[in-house]
Each structure stands twice: as C-alpha cells, then as structure tokens.
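The values are calculated or read from the model by the stated rules, or taken from the named source; none is laboratory data. If you're wondering where the values come from, they're calculated on a predicted model, not measured in any experiment. Cβ: placed from backbone, ideal geometry, glycine included. Neighbour counts: every protein chain shown. Note: areas computed on protein heavy atoms with side chains; ligands, DNA, RNA excluded. Shrake-Rupley method; radii C 1.70, N 1.55, O 1.52, S 1.80 Å.
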Amino acid sequence: SLASTAITCFTRGLDLRKETEDVLCPANCPLWQFYVFGDGVYASLSSVCGAAIHRGVITNAGGAVRVQTLPGQENYPAVNANGIQSQVLTRWASSFSVTRTTNTALEAVGRSVSTARPSTGKRPKKPLDKKAGNKDCKADIAFLIDGSYNIGQRRFNLQKNFVGKVAVMLGIGTEGPHVGVVQASEHPKIEFYLKNFTAAKEVLFAIKELGFRGGNSNTGKALKHTAQKFFSLENGARKGIPKIIVVFLDGWPSDDIEEAGIVAREFGVNVFIVSVAKPTAEELGMVQDIGFVDKAVCRNNGFFSYQMPTWFGTTKYVKPLVQKLCSHEQMLCSKTCYNSVNIGFLIDGSSSVGDSNFRLVLEFVSNVAKAFEISDIGSKIAAVQFTYDQRTEFSFTDYTTKEKVLAAIRNIRYMSGGTATGDAISFTTRNVFGPMKDGPNKNFLVVLTDGQSYDDVRAPAAAAQKAGITVFSVGVAWAPLDDLKDMASEPKESHTFFTREFTGLEQMVPDIIRGICKDFLDSKQ
C-alpha cells in the first residue's frame, strides 16, 4: 500500500491512531534526541523512528516502517543498539513493535520527506517551509543577556554574536521556535517579545541593534521579572509550548537568584544558565552565593547548566546548546500543578445540606477549579453529585475551557436525598477516573460532605488511593471527623478539612489549592 504517513523524528507510538500503521521516517534525525524505552517491544512513549533505528529496521537515512500496536507491559529493558541507548521503564499502558515494509516506491517518497535538520540547500526548498521554521523544535525562548558592567561593552558584543548564532541555528519560524530578548543590568529591560519576530533574519537584526546598558548584574531581579511578565499570551506565548529562559551570566550575579528560580518553576518556566568565566578562586569571596547556578536552574541534574570558558571562540558551543533547547521531553519544569492535574469533585447532595448551602458548596468548587489552567492539553475538572444515588454532572473530557467548566458548575441542580459516600467514591473511581488512568495528569478527588455516611467509606477510599488518586476530604457541620480521616490520603492532617458552617468553605480554598500543588511537586521529585 502507498497509504503511508510521513512522521517527524519526534512522533511517538502513542501519537499514532491505528493498530497497524505504515509510516515514513525522515532522514538525518538527531540521534541524541531520541527517547526510546525497551528493546524489540517498545513502550508507546518511545519515538517511532528512534525505535526503528534502534531495532535496525532503518538507518539514519530514514525510510518506511510498519508499526504494530501491542499491549502494555512491565520492565522495558535498556539496550544500546545502532547508536541509540534505550532506557528502562517500569511499566507503560501500551507498546509497539517495528518491522520493515518492503516497498521501493515508499522508499523513494521517504527520501523526499523534509528532514529534521535544515537542509544545506542542495534541494530547492519551498519558501513556505523556511517561514514555518524547524517544526521539530517546539519552544518559546527568552534570552536573558548580561548587560552589566561585569561584562563590559566589548564582551557584550561577543555575547550578542553568540546569541545571534544560537537564534539562527534554532530554526525560528511561525511553527518553529519563537524567541525574545531581555537585558539584565541594574533594572531589567525587555528588548523584544516572542510575538515581535517570526523570522531568523529579523531576530538577528534586532539582536545587532541592542545597546549596552551597564549597571550591577541584578540577574535575580531580571529572571523574576522575565518569568512573571514575558510569557503572557498577549506577548506571544503559545499554549502547550515549553517556556524557556536562557540566562547568560558573565561572572556572577550581584543579587539573590534563588527566589527567582522558585518563581520561574512555579510559573512553569524552564531555566537554563549559561555561565561564562566562572569566578576564580580569588573572586569567590565576592560571590554572595556560590551555589547560584544550582538554585536557579529548572532541575539541578546537569542538563540545565552550561559553561563556556570565555566569550572568544564560542562557535563550537552553539550546536550543543541548541540541541538542549530543542529537547522537548527534557523540559521538566513545563508541567506545573496548575496545568497537569485532573481534579474530581464529589459533592454531597443530601437533604441536610439545603438549597442555599448547596450554592455555597458550588461556589467553593468553582473557586478551586478557577485556579487551574483548564484545557485539552492542561488540567481537567469533573464533578459527581451523590445521595444514595450518584449522578455524573460532567466528566473530565466534557469541557476543555475554564469558562465552560465554571458554567457547568453553576448549572448543577441540587438532588436532595440520603448519604452513601462510600458508594459514591467507588462510582467516581470507576466511572470518572477510570478512563483517565493512563493519562499524563496526576489525579485528585475532593470529597465534600456534611454528614455521616450510611455506608463504609474506608474500603472505597483505600481503593481510590490504590488507583493513584489523592483524596482530600472536606467536611461541614455534622460530618464526623473519623469518616473524614478515613477517606483522606496520607498524611491525614494535611488532607482533611473541616468547618462548622458552610460559610467557612471560602477560607479553605487557598489551602486546598496549595495542598494539591504540594502533592503534585512531591510526586515529581
């Protein structure tokens, strides 16, 4: 069959839709960027073309591959083969295998699929592609350049040349990376935003035009300012694209950078530090915090810090830095609790609540939901109301915008009836969280009740927690503390909430949001 799909270097098994699919891998995929898990049977998280090269089905010249979906398994092994080191994965929900498809017509097509690296101009390029940029590198990047007296005018110009080379090699374009520049000195100055230019030529010109400001190197102040102000949607940040700040530092910062690093992580920004001319032994006494790099980077795992001895002869440092910035899967800070959780609300609709209090409960649910970035690729919200019976008001996949979720919460009608909380937890675990269990988001259940349950809550809550759901219990009025504690996840104290009056729910909102974020972060460490 000639009906094969051209894919990119980064297409994963889980991105393919059919049981068996014939695909075409492009040529010249950068081997170091492949994420492959397993050997022969690959976790569907793996890059398809990476797995095909690892298996020896194709070489790096690309070509046709048949992909067969297989069930998930445990303990995918790590094996080095054909220049690719696959990685260990304890378990994944689905797998695939790769085999050759013998069809010379396909091979020919395979060659003409555009490659991951910009071509060297041997083939006439469609002008359209140039505009689109390097689609395999998805990133919104702020270059935070050093404009302090530390660096001085001359090295400032060398820094600009280096940043220009990095910008060109990234392959900036409408569908590729977007970049902006912020200059750090006494006070930070945003020189241009992501939305200002989408062509490398324009960016290069804008970088050449930058003037040196001088002053102290208040890198911390500039980093915090950039994390908070630079990546807004109105300034051109794109939904679902990793946000990156590359901090260039000549010497060391004059101010504290640790708090700025924390702010950046909270905002879902990946911070890289490129340090040039590290402080010498004699200078260390002047540095107020020797561990400044480790405290500011996204993760202190070696990936996010980068060193160059001087600003001279930096050309060889361009490509490795670009490769890091384009490694989508390594951007560990893009996922924050605000954009990577599923929160299910289990709402007591029993007759003891009453109409006006039920409104206060819905207001509480809205206020918690409002704090999260709800979208098809972000956080998701679901709600179930229960008496003796259960009613799914809306599931995680029903609404993918904040407005629609909030409208759906407002429209929930009060049921009135008995209280079977245990049954309701089991129902929610099975029907609402069940379909989400292999998804990327972390699962949370917030149970709201105002009284004693007629059935056992302990076993259903334990089953929910075993299924990977973190449970917060929120009790009002006559809800017994024992029930609340039995339902809540460990540590019980921080997952159990109680208020005498329904009006007290409002004060709990920030604590619940903080609790969800804390659990999310703990699960990531």
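Of the residues that make up region 180-188, is at least one farther than 23 Å from Gly261 by Cβ and touching a Leu at 6+ places or on another chain (Cβ under 8 Å)?
no
Against the list (1) within 28 Å of the chain's Cα centre (by Cα); (2) at pLDDT below 90; (3) over 13 Å from Ser94 (Cβ atoms), the condition Ser47 fails is (2).
Taking region 1-94 and the strands (runs of 3 or more DSSP E) fully enclosed by it, the elements with 3 or more residues that are open to solvent by 10 Å² or more (accessible area, probe 1.4 Å) are at 20-25, 63-76. Taking each residue of region 499-525 that is touching a residue at least 40 places away in the same chain (Cβ under 8 Å) and looking for partners that are open to solvent by 90 Å² or more (accessible area, probe 1.4 Å) with beta-carbon atoms closer than 8 Å, six or more apart or interchain, yields Leu505/Glu363; Glu506/Glu363; Lys524/Lys335.
One residue stands out in region 434-456 among those that are out of contact with any Phe, Trp or Tyr (no Cβ under 8 Å at 6 or more places or on another chain) and surrounded by 24 or more Cβ atoms within 10 Å (Cβ to Cβ): the one that is farthest from Gly418 (Cα to Cα), namely Thr449.
For Val271, are the conditions met, namely being modelled with pLDDT of 95 or more and either surrounded by fewer than 23 Cβ atoms within 10 Å (Cβ to Cβ) or not aromatic (Phe, Trp, Tyr) (or both)?
The answer is yes for Val271.
Against the criterion of being among the aliphatic types (A, V, I, L, M) and under 20 Å from Gly378 (Cβ atoms), Ile516 qualifies.
The set of residues in region 418-446 being in contact with a strand residue (DSSP E or B) (Cβ under 7 Å, 6 or more places away or on another chain) and among the polar types (S, T, N, Q) consists of Thr419, Thr421, Thr428, Thr429, Asn431, Asn441, Asn443.
On inspection, Lys335 does not qualify as under 24 Å from Ile241 (Cα atoms), surrounded by fewer than 19 Cβ atoms within 10 Å (Cβ to Cβ) and in the same structural domain as Val166 (by the TED database). The set of residues in region 341-383 that are among the aliphatic types (A, V, I, L, M) and more than 28 Å from the chain's Cα centre (by Cα) comprises Ile347, Val353, Leu360, Val361, Leu362. Summed over region 174-191, residues that are under 22 Å from Leu321 (Cβ atoms) and open to solvent by less than 10 Å² (accessible area, probe 1.4 Å) total 8. Residues that are open to solvent by 30 Å² or more (accessible area, probe 1.4 Å) and at pLDDT 95 or above within region 359-379 comprise Arg359, Leu360, Glu363, Asn367, listed in sequence order. For region 9-19, state whether one or more residues are under 17 Å from Gln85 (Cα atoms), within 22 Å of the chain's Cα centre (by Cα), of a type in the set (S, T, N, Q) and assigned by the TED database to the domain that holds Gln73. No - not one qualifying residue is present in region 9-19. Under the condition of being farther than 20 Å from Pro309 by Cβ and either among the aromatic types (Phe, Trp, Tyr) or outside any helix (DSSP H, G or I) (or both), the residues counted in region 145-178 number 10.
Here is a yes/no grid of residues against (1) under 26 Å from Lys224 (Cα atoms); (2) at pLDDT below 90; (3) open to solvent by 10 Å² or more (accessible area, probe 1.4 Å):
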| residue | (1), (2), (3) |
| --- | --- |
| Thr115 | no, yes, yes |
| Pro118 | no, yes, yes |
| Lys126 | no, yes, yes |
| Arg154 | no, no, yes |
| Lys160 | yes, no, yes |
| Val166 | yes, no, no |
| Lys195 | yes, no, yes |
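Scan region 479-494 and tell me whether some residue there is part of a strand (DSSP E or B) and closer than 16 Å to Asp348 by Cα. Full working, then the answer.
Of region 479-494, the ones part of a strand (DSSP E or B) are none.
For region 479-494, residues part of a strand (DSSP E or B) and closer than 16 Å to Asp348 by Cα: absent.
Would it be correct to say that Leu481 is in the same structural domain as Val365 (by the TED database), touching a Phe, Trp or Tyr at 6+ places or on another chain (Cβ under 7 Å) and farther than 26 Å from Asn339 by Cα? When the stated conditions are applied, Leu481 passes them. Would you call Phe312 among the hydrophobic types (A, V, I, L, M, F, W, C), farther than 29 Å from Asp455 by Cα and either surrounded by fewer than 23 Cβ atoms within 10 Å (Cβ to Cβ) or touching a residue at least 60 places away in the same chain (Cβ under 8 Å) (or both)? Answer is yes for this residue. Out of region 324-378, which residues are in a helix (DSSP H, G or I) and hydrophobic (A, V, I, L, M, F, W, C)? Within region 324-378, Leu325, Phe358, Leu360, Val361, Leu362, Phe364, Val365, Val368, Ala369 qualify. Note on region 290-316: residues that are more than 29 Å from the chain's Cα centre (by Cα) and in a loop (DSSP other than H, G, I, E, B) amount to 7. What do you reckon, is Arg299 at pLDDT below 90, crowded, with 19+ Cβ neighbours inside 10 Å and charged (D, E, K, R)? Taking the combined requirement at face value, the residue does not satisfy it.
With respect to Ile469, determine if the residue is assigned by the TED database to the domain that holds Ser356, open to solvent by less than 20 Å² (accessible area, probe 1.4 Å) and in contact with a Cys (Cβ under 8 Å, 6 or more places away or on another chain). If you could, list the steps in order and put the result at the bottom.
Working: assigned by the TED database to the domain that holds Ser356: yes; open to solvent by less than 20 Å² (accessible area, probe 1.4 Å): yes; in contact with a Cys (Cβ under 8 Å, 6 or more places away or on another chain): no.
Taking the combined requirement at face value, the residue does not satisfy it.
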